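First the structure, in the form of structure tokens, and then the observations on it.
The values are calculated or read from the model by the stated rules, or taken from the named source; none is laboratory data. Given the structure is predicted, the values throughout are model-derived calculations rather than measurements. All Cβ positions, even for glycine, are placed from backbone atoms using ideal geometry, and neighbour counts span all protein chains on display. Only protein heavy atoms, including side chains, enter the accessible area calculation; ligands, DNA and RNA are left aside. Shrake-Rupley method; radii C 1.70, N 1.55, O 1.52, S 1.80 Å.
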Amino acid sequence: MPAKTRYLAVDDDPAFHLVLTQLMMMLGYAAPVCVSSAAEALALLADPQAEFDAVLLDIQMPGMNGIEACQRMRAMPHHRDTPVMMITTMNGRDYVDQAFAVGATDYLTKPIHRLELQARLGMLDRLAAERKRSRSLLYAMDAMGDLPGVDFDFEDAVSLPKSEMLIDYLGLENHLLTLSRLRLYAHTAIAFQVTGASGLFNRLNRLEYLDYMADVGAAIAAALKSQTFLLAYAGSGEFVCVLNRTQPVDALQIEQDIATELAAFEPIYAKLNLPLPVVRAGTGVSSGLFFPSAVKTMLRRARMAVRGQNWMLSQVMAG
Amino acid sequence: MAGQPVSIEPWQKALLPQFLDMTVKRLFEIEAARRQLAQGGDVMTSVQIIGSVTHKIAGTAESFGFPVLGQLARRAEGLCLDLARLAPASRAELLQTRLLPTLDALAGALDAALDGSAATLAQGRP
């Protein structure tokens with residue numbers, strides 16, 4: 001049985017409301033609350049008591065489009081991590097990139113089919129349930145007078161604070177899957193690894209570690225500012241970036257640019273008795289028309305590339 | 001029959017009259033925009049209306065078992081987007097040679113869908 005997720009569906013087409021409602025009810029869901037414009041949706045979402053668990057959002061609508069609506073929704077503190085799936089006929093690269101850049105969780109193209117909808121809603125249900133669990137834990141700790149604690153493992157792809165330039169790792173994975181489904185292949189993944197991240201994780205408390213990684217994320221984003229990209233923290237002191245290009249990437253130049261950006265933080269780190277982050281960039285991993293099947297594994301391969309290079313480097317340094 | 005919806009399920013059949021009703025109204029909106037064009041009205045105003053209406057048809061036609069209708073609507077929407085990107089002086093050719101014939105084909109597909117649906121809806125009636 002599907003979870004009791006409360007969905008808000010935003011689409012200016014009443015025929016789509018009919019289709020979606022019927023399909024969701026056939027899949028065992030409650031009928032979604034359907035509205036016809038981004039303005040109506042934002043008015044509903046602004047009320048924290050309305051408690052929508054997930055949002056299904058069309059892109060092309062009169063007035064405000066779905067991309068802007070998603071961006072505005074993310075600016076609401078209580079919807080910063082609410083799962084949002086774009087459901088749209090727009091299948092161009094620009095729309096896909098923009099949607100994930102403003103924080104969409106997933107992207108489904110119309111016409112919708114029952115099995116595909118079932119699979120995607122299942123993912124949104126799991127995310128919504130996880131979000132509910134972590135929120136209730138925070139409230140419980142708050143009620144007990146404890147500071148809300150942050151706990152996670154070194155390998156976890158957690159969201160970083162104050163990182164408007166970063167998206168969630170799941171969003172980046174779904175971005176690549178969407179590009180693959182739409183047969184849009186011209187992109188490159190590149191991974192970055194913070195040297196000695198594991199030691200820092202053990203030494204710092206979790207909030208300090210998140211702040212440290214957020215600084216690195218901001219430096220990587222600044223170093224890539226001349227490119228079109230999406231960047232996410234992948235866990236294990238690693239970041240992964242998807243660039244909208246297939247030309248070779250100059251990893252050494254990017255490493256130098258990141259180092260220049262991080263140098264600005266040097267006095268702060270010295271005061272905190274922390275090492276200035278050193279970031280290694282891996283070899284770019286490209287997709288292309290001739291090897292589309294490789295798209296799904298791009299992020300993993302990019303991470304393996306940077307790990308392999310760092311391992312080789314450490315062997316050389318060790319003599 | 002060419003216009004009969006493919007592999008229609010009971011829920012689709014139940015919603016079919018509403019879908020067809022909406023689609024007919026949408027084709028009237030397209031016709032009105034075409035009339036404006038023929039009378040020398042602003043090209044981009046009409047193209048915007050046509051693009052918006054075909055966008056909606058493209059989003060749901062296939063879900064009701066009309067893939068051809070959906071494909072033609074998607075093609076018309078794409079042509080509207082192409083027209084918007086072109087310089088005004090270059091629009092007339094694309095409009096005459098591509099968009100208007102596609103809209104004719106869309107109207108034909110809807111006629112076929114209406115005929116086919118009448119047969120589908122009649123099936124199983126007492």
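Some notes on this structure:
- Separation of alpha-carbon centers, segment A:64-78 and segment A:187-256, rounded to whole Å: 26 Å
- Shielding of peptide B:50-61 by partners, expressed as the average count of other chain Cβ atoms within 10 Å per residue Cβ, is 5.
- For segment B:36-58 versus segment A:92-125, the gap between their alpha-carbon centres in whole angstrom: 28 Å
- Normalised by the number of residues in chain A, the average gap of Cα pairs under 8 Å and 6 or more apart makes the relative contact order 15 percent.
- Chain B, accessible surface, carbon-and-sulfur percent (1.4 angstrom probe): 56 percent
- The amide H of residue A:249, built 1.01 Å from its N in the peptide plane, has A:284 as neighbours under 5 Å, considering only residues 5 or more places off or on other chains.
- Remark: chain B carries 50 Å² of accessible area per residue (probe radius 1.4 Å; ligands, DNA and RNA excluded).
- Average partner coverage of A:15-23, which counts Cβ from other chains inside 10 Å: 6
- Remark: for residue pairs A:225/B:56; A:110/A:132; A:132/B:56; A:110/B:13; A:110/A:225, the C-alpha separation exceeds 31 Å in A:225/B:56; A:132/B:56; A:110/A:225.
- Shielding by partners for peptide B:40-49, expressed as the average number of C-beta atoms from other protein chains within 10 Å of each residue's C-beta, is 0.
- Surface composition of chain A: carbon and sulfur atoms hold 57% of the protein heavy-atom accessible area at a 1.4 Å probe.
- Take the accessible area of chain A alone and of chain B alone, subtract that of the pair, and you get about 1600 Å² summed over both chains, using a 1.4 Å probe.
- Mean separation of Cα contacts under 8 Å, 6 or more apart, over the residue count of chain B: relative contact order %: 38 percent
- Among beta bridges that DSSP assigns inside the protein assembly as shown, antiparallel share in %, nearest 5: 50 percent
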